[in-house]
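Every number here is computed from the coordinates shown, using simple stated rules; none is lab data. What you see is a predicted model, and the numbers here were worked out from it, not measured in a lab. Quick reminder, even Gly has a Cβ in these numbers, built from the backbone with ideal geometry, and neighbours come from all protein chains shown.
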Amino acid sequence: MQKIKTPHDARGLLNMDTRAVTTSDAMSQRVPARAAQNIRRGHLIRGMRDIGHIEWKPWEQEVAMMQRIGEQQRFGTANRFYSTLERIQALLESVHESEQKLQASNEEMEATNEELQASNEEMEATTEELQASNEEMEATTEELERSNMYRQTLMNSMLDILMTTDPEGVITEVNRATERISGYTRQKLIGQPFRKFFTDPERAQAGIDEALTKNEVSNYELMVVTKDGRQVPVSYNATVVREPSGKITGVVGSARDIAELKQAEEQKRLTMEELERSNVELGQFAYVSSHDLQEPLRMVSSYTQLLAERYKGKLDADADEFIAYAVDGANRMQGMINDLLAYSRVSTESKEFKPTDCEAVFERALANLEGAIKESGTVVTHDPLPTVMGETLQFVQLFQNLISNAIKFRREEETSRIHISAEQKGNEWVFSVRDNGIGIDPEYKERIFVVFQRLHDKEKYSGTGVGLAICKKIVQRHGGKIWVESEPGRGSTFYFTIARRGDEQL
Amino acid sequence: MNTEETGRPVEILLVEDNAGDIRLTQEALKDAKVRNNMHVTRDGVEAMSFLRREGKYATAPHPGIILLDLNLPRMNGREVLAEIKKDPNLKHIPVVVLTTSEAEQDIVECYGLHVNCYITKPVGLGQFMKVVKSIKDFWFTMVKLPENQ
């Protein structure tokens, strides 16, 4: 143990072991036991107090001073420690406070967070919704595009002009055919007044106005003026376009290029006219020529007859024979001309068709043929006959010709029988005139209806061969057909059809 | 008016352009034993001159009957008929239209112009003779006409 003699020696006192030894040494000698104990226990203050009772030796004072200095130093250290503690305390408190604050703000943040999350979720839902509606919109847009394309294709596939205008008649859309026919591009046409492209703008505008007032216009004929100045006749059809509310938003019109149609129509009209004219001419020619032929023929006939009457037996036998042939030829020619006249009259003397009672017609024909019927002993019977639309006199002639034909071509070995009947077939009447005469070879079924066609020599059967031709012409004039069915040697049945009136009764 | 072989002959104006018909009418009248003086003009203008005693017809007799064809050169039968029936000096003369025309239109028109009778020339000689005889029997025998002025 080292003895502290000078302050310098006290330096080592900072070493607690040294100090403890020293202190205990001192205590054990001069410090009351209690104080020593205090000192030992470290109660420095109490120890110091006790130390005051000690009679200090100078070095001890120095030591004490040193000790005090040390104490003070320790005290200061402690103080510093405490103040540090306090500061730590304060710091801790502030940390705590901060922590609390933090927690509060944390809680607040959490709430905000929750709120945020909720709003986030909401937003997500909205986003989803938005996305859905977006998809929907996309689908709709696509659909719209598709239908737009479809509409465009539809419009463009049309061979006819198709265009829409606003209610004022300004073009809003056109199809390709419009471009093709007019020669103008779509861009040039849109925005232009519709009427501008026609020979008669007022009439074109009137077409639109008519559509606007009457909802639609059809087969309105206009003449388009094309870009290169050609004129194209079109048939225009238009309908107004309305909003669901009923408000008119425009007019959609289509126009067909009818140039070819017009040309064909014109051609047809000309052909028909030509045909009509040549038909009339032919009819007139037949009538006039046969009429005018009668004049010189009358001379031939009259003077040969005069010759025959006044000079028979006064010349020689040859002269008589020659004159006889001349008279016969003139007479026959007269018969032919008369029949030809009758034939041409069927169409030249046309009268209005009137309801014609075929029963009455039949009776008249029979009355006209009374002599021939009696003479030949023919039995003529008939079923109920209808009333049809026609020319009564021509019907009389038709019946009369057919009946007299049947009488003429009867078979001598059997009583001649003729039966007339009429049967409804669809919208027409089929008349039949059946006889039990000599019949007709099927080979000649058609030829018998041609003018001047005869199947027999004139010695046996007189006549010019016009009767059935007249029948055919009469039936054709009434829109019907005539034909014959026959079994040679057994008889013939002549059929002809006449349109039903619809209200006739038997 | 008298006929047959007695009395004055009938003055007849035949308006006809066809020589064959003129002769035939003469023959028929001869056959019907009509004592007549037949005057012939070949067209309508001539006929009117005859009736009005113009030019070479200044001394022409006033005919008792006119036989008129319809188809004539220059002035047709319908025009002649209309002229006659408009003329107070001529309208009392009986006019018999003797024509080949059977056209309804001609018949209606002629009666509208006050023709006294319309006869279609028959085709056969026999019928023609009969027609002329009928004209003679009716107009020259049965009908009482005013005395010639």
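Could you tell me what % of all Cα pairs in the protein assembly as shown have separations over 51 Å?
Result for the distance tail: 59 percent.
In whole Hz, what ³J(HN,Hα) sequence does the range A:426-437 give by Karplus (6.51, -1.76, 1.60; θ = phi - 60°), x for Gly and Pro?
Calculated HN-Hα couplings, in order: x, 9, 9, 9, 10, 8, 9, 10, 9, 10, 10, x Hz.
Let me check I've understood the local charge: for residue A:86, count other residues with C-beta under 13 angstrom from its C-beta, Lys and Arg +1, Asp and Glu -1. What total comes out?
Charge balance near residue A:86 sits at +1.
I need the shape label for the range A:188-258. Rule: rounded when a/c is under 1.5, else prolate if a/b > b/c, else oblate, with a, b, c from the alpha carbon gyration tensor.
It is prolate, given that a/c is not under 1.5 and a/b is the larger ratio.
Would you calculate the convex hull of the Cα atoms in the range A:351-506 and tell me its volume per residue in Å³?
With only Cα atoms used, the range A:351-506 gives 108 Å³ per residue.
Provide the net charge surrounding residue A:366, with neighbours chosen by a C-beta distance below 15 Å and charges set as Lys +1, Arg +1, Asp -1, Glu -1.
Net local charge, residue A:366 excluded: -4.
I'd like to know which of B:61, B:123, A:226 lies farthest towards the positive end of the charge dipole of the protein assembly as shown, counting +1 on Cβ of Lys and Arg and -1 on Cβ of Asp and Glu.
A:226
Evaluate peptide A:302-314: per residue, the Cβ atoms of other protein chains within 10 Å of its Cβ; return the mean as an integer.
That works out to 3 on average.
Nothing charged except the Cβ atoms of Lys and Arg (+1) and of Asp and Glu (-1): what's the magnitude of the dipole of the protein assembly as shown about its Cα centre? Round to the nearest 20 debye.
Roughly 820 debye for the protein assembly as shown.
Can you give the helix-only mean residue ellipticity at 222 nm for chain B, where every DSSP H stretch with n ≥ 4 adds -39500 (n - 2.57) and the sum goes over all residues, rounded to the nearest 500 deg cm²/dmol?
Calculated mean residue ellipticity at 222 nm is -10000 deg cm²/dmol.
Cut-off is 10 Å between beta-carbons; in what order do B:123, B:80 appear when sorted fewest neighbours first?
Working: B:123 20, B:80 28.
The order, fewest Cβ neighbours first, is B:123, B:80.
Taking θ = phi - 60°, what integer Hz values does the Karplus form 6.51 cos²θ - 1.76 cosθ + 1.60 yield along the range A:409-417, in sequence order, with x for Gly and Pro?
Values per residue, Gly and Pro as x: 9, 7, 9, 5, 6, 9, 4, 6, 10 Hz.
Please give the residues of the range A:308-333, grouped as numeric ranges, whose backbone N is less than 13 Å from a label point set 7 Å along the Cα-to-Cβ vector of residue A:452.
Counting only backbone N, you get A:333.
Residue-wise, which Karplus ³J(HN,Hα) couplings in Hz belong to the range A:481-498, taking 6.51 cos²θ - 1.76 cosθ + 1.60, θ = phi - 60°, and x for glycine or proline?
10, 9, 7, 10, 10, 8, 10, x, x, 10, x, 10, 10, 8, 10, 8, 10, 9
Taking a threshold of 22 Å on the Cα-Cα distance, which of the pairs B:85/B:130; B:33/B:130; A:354/B:121; A:188/A:227 fall above it?
Checking Cα-Cα distances, B:85/B:130; A:354/B:121 exceed 22 Å.
In µm²/s, what is D for chain B at 37 °C and 0.692 mPa s, where D = kT/(6 pi eta Rh) by Stokes-Einstein and Rh is the Kirkwood radius from Cα pairs?
Details: Rh = 15.4 Å.
In µm²/s, the coefficient rounds to 213.
Quick one: which residues, 5 or more positions from residue A:380 or on another chain, have an amide H under 5 Å from its amide H? H modelled 1.01 Å from N in the peptide plane, none for Pro or chain starts.
Those lying under 5 Å, H to H, from residue A:380 are A:418.
What FRET efficiency comes out for residue B:82 versus residue B:143 if R0 is 30 angstrom and r is the Cβ-Cβ distance? Round to the nearest 0.05.
Step by step, r from the Cβ atoms, then E = 0.85.
Rounded to the nearest 20 debye, what is the charge dipole size of the range A:77-219 about its Cα centre when +1 sits on each Lys and Arg Cβ and -1 on each Asp and Glu Cβ?
Once rounded to the nearest 20, the dipole reads 1440 debye.
Between residue B:36 and residues 5 or more places away or on another chain, which pairs have amide H atoms under 5 Å apart, with H built 1.01 Å from N, and which residues are they?
Residues meeting the amide H criterion: B:10.
Taking H as built 1.01 Å from N, whose amide H comes closer than 5 Å to the amide H of residue A:249, not counting residues under 5 places away?
It is A:241, A:242, A:243, by chain and number.
If you count, for each residue, the other Cβ atoms within 10 Å and average over each peptide, how do A:262-268, B:111-117, A:243-249, A:294-300 line up from highest to lowest?
A:294-300, B:111-117, A:262-268, A:243-249
Normalised by the number of residues in the range A:95-185, what is the relative contact order in percent for Cα pairs under 8 Å and 6+ residues apart?
Details: 39 pairs, mean separation 13.5, N = 91.
After rounding, I find 15 percent.
Averaged across B:115-125, how many Cβ atoms of other chains sit within 10 Å of each residue's Cβ atom?
3
With the contact rule set at Cα under 8 Å and sequence spacing of 6 or more, what percent relative contact order holds for chain B?
Result for chain B is 25 percent.
Just want the answer: with Cβ charges of +1 for Lys and Arg and -1 for Asp and Glu, which residue in A:92, A:111, A:190 is farthest toward the dipole's positive end in the range A:78-224?
So the residue we want is A:190.
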